[in-house]
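Engineer: The structure that follows is given in the form of structure tokens.
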2 protein chains.
Amino acid sequence: MPHISLDQNLPGMRSLLAYRPDIAGPLGQLANTLLRSNNGLTMAERELIGTYVSYLNNCFYCQHSHGAIAACYLDENYDLVNHVIRDYANAGISDKLKALLSVAASVQKGGKSVTDNQIAIAKAAGATDNDVHDTVLIAAAFCMFNRYVDGLATNTPTDLASYPPRAKQVVEGGYGGLVPVVK
Amino acid sequence: MPHISLDQNLPGMRSLLAYRPDIAGPLGQLANTLLRSNNGLTMAERELIGTYVSYLNNCFYCQHSHGAIAACYLDENYDLVNHVIRDYANAGISDKLKALLSVAASVQKGGKSVTDNQIAIAKAAGATDNDVHDTVLIAAAFCMFNRYVDGLATNTPTDLASYPPRAKQVVEGGYGGLVPVVK
């Protein structure tokens, strides 16, 4: 049961966006700016970072929502998504993304956990300042999203088949399409 | 040294907002919506929650920035701000705020740490659904802000006298005044 009165027909974050449209606006804009860009990191890479941090934070709803979005960008390659979550160092991804996932894991623990050495490794693998920036903020933002969704004990669908249809909507229309219009 | 090329004349979050104006817009709107309202929780209470979470996350810049803003709303009562941070259970604040600070401390650990019993105590002390919602999201948002500021190793002024002038600007003009205009 959610800790506050939310529409029980809506899952996770969607129930919160419906509850507080005034908050949904800035959160939707933040998600679109951070996750709906191929400038530097691809949209697939951004979603993989968010999915991995959600896994580390044990947020079932966000992990499966964003895992399905990442898979959508990766020709439905759920094996790759799951490999990244469980053991990214041996997954079929670039050395740059591996280094940035290491940074994201540190951010999940706390901002001060990120080391100069981790950043040096990421930059040696080709990460730009913007890639480092986006990785840190995506990881930090999922530390917010995950706590928002689970801290209010929102409704979490356990049927994994319910996530891909929502993922397709995001891939086609962005996060704005899930956010009520704020006047 | 910051992990990326930031304007060294600007401290903490301000250097990040200048670096990425496209991100500054949604973050400023989120801060204004969450922190610049007396609907339910007062602005002072909202800033106390943010200050306390920043303390728990060991984010010197955010703790002192938002502690100074809270003090501004509380007739410069820094003793109260420091008492809340160190031992809120015995500070001169309402039982409702004490119960909500307990919820915020759980959110800082992780969303699933919030218990039904904590929420029941907060509601018995007069917290509405919106108060609980805002507490959880403020705590979650500071888990993002703190990680963003420290995860990129931004410049952190150690001179505590540098914080009150910035706090006064926020109290007078809101967070929008600190955010570059995005067209």
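Engineer: Near the axis that takes chain B to chain A, which B residue has its beta carbon closest, and at how many Å?
Structural biologist: Value returned for chain B: B:144, 2.
Engineer: With +1 on each Lys and Arg Cβ and -1 on each Asp and Glu Cβ, and nothing else charged, work out how big the dipole of region A:1-101 is about its Cα centre, in Debye to the nearest 20.
Structural biologist: Using only the charged Cβ atoms, the result is roughly 240 debye.
Engineer: Given the DSSP H assignment, sum -39500 (n - 2.57) over each helix run of at least 4 residues in chain A and divide by its residue total; what's the result at 222 nm in deg cm²/dmol, nearest 500?
Structural biologist: -20500 deg cm²/dmol
Engineer: Restricting things to alpha carbons, find the Rg to Rh ratio for chain B using the Kirkwood radius for Rh.
Structural biologist: With Rg and the Kirkwood Rh in hand, the quotient comes to 0.96.
Engineer: Also, quick follow-up: Under a Cβ-only charge scheme (Lys and Arg +1, Asp and Glu -1), can you give me the dipole magnitude of the protein assembly as shown about the Cα centre, in debye to the nearest 20?
Structural biologist: The dipole of the protein assembly as shown has a size of about 80 debye.
Engineer: Going 7 Å from the Cα of residue A:128 toward and past its Cβ, which residues in region A:84-98 have a backbone nitrogen under 19 Å from where you end up?
Structural biologist: A:94-98
Engineer: OK, next. What does the accessible area per residue of region A:16-176 come to in Å², with a 1.4 Å probe and no ligands, DNA or RNA counted?
Structural biologist: Heavy-atom accessible area per residue stands at 37 Å².
Engineer: Then there's this: Would you kindly work out, in nm and rounded to one decimal, the distances from the label point of residue B:126 to those of the same position in each other copy, ordered shortest first, with label points 7 Å along Cα-to-Cβ?
Structural biologist: 5.9
Engineer: Test of understanding: what is the full-extension gain from residue A:9 to residue A:159, defined as 0.36 nm times their sequence separation minus their Cα-Cα distance?
Structural biologist: 52.6 nm
Engineer: A further question on this structure: May I ask for the accessible area buried between chains B and A, both sides summed, probe 1.4 Å, to the nearest 100 Å²?
Structural biologist: 3600 Å²
Engineer: For the Cα atoms of chain A, what angle does the longest principal axis make with the long axis of helix A:60-73, in degrees from 0 to 90, nearest 10?
Structural biologist: 60 degrees
Engineer: How large is the translational diffusion coefficient of the protein assembly as shown in µm² per second when you combine the Kirkwood radius over alpha carbon pairs with Stokes-Einstein at 37 °C and 0.692 mPa s?
Structural biologist: Translational diffusion coefficient: 160 µm²/s.
Engineer: Cα centroid distance between region A:42-116 and region B:53-99, in Å?
Structural biologist: Spelled out, the Cα-based centre of one part sits 35 Å from the other.
Engineer: Could you give, in nm with one decimal, how far residue A:38 is from each other copy of that position, shortest first, with labels 7 Å out from Cα toward Cβ?
Structural biologist: Values, ascending and in nm: 5.0.
Engineer: May I pose another question? Provide, for chain B, the number of lysine pairs with alpha carbons under 19 Å apart, each pair being eight or more places apart or on different chains.
Structural biologist: Lysine pair count for chain B: 4.
Engineer: How large a share of the accessible area of region B:86-183, in percent, is made up of carbon and sulfur atoms when the probe is 1.4 Å and the other protein chains stay in place?
Structural biologist: Answer for region B:86-183: carbon and sulfur cover 54 percent of the accessible area.
Engineer: Which value, in debye to the nearest 20, gives the size of the charge dipole of region B:16-176 about its Cα centre, when Lys and Arg are +1 and Asp and Glu are -1 at the Cβ?
Structural biologist: With Lys and Arg at +1 and Asp and Glu at -1, about 340 debye.
The values are calculated or read from the model by the stated rules, or taken from the named source; none is laboratory data. As the structure is a computational prediction, the values presented were derived from the model and not from experiment. Positions of Cβ are backbone-derived with ideal geometry, glycine not excepted, and every protein chain shown enters the neighbour counts. All accessible areas refer to the heavy atoms of the entire protein, side chains included, with ligands and DNA or RNA removed. Shrake-Rupley method; radii C 1.70, N 1.55, O 1.52, S 1.80 Å.
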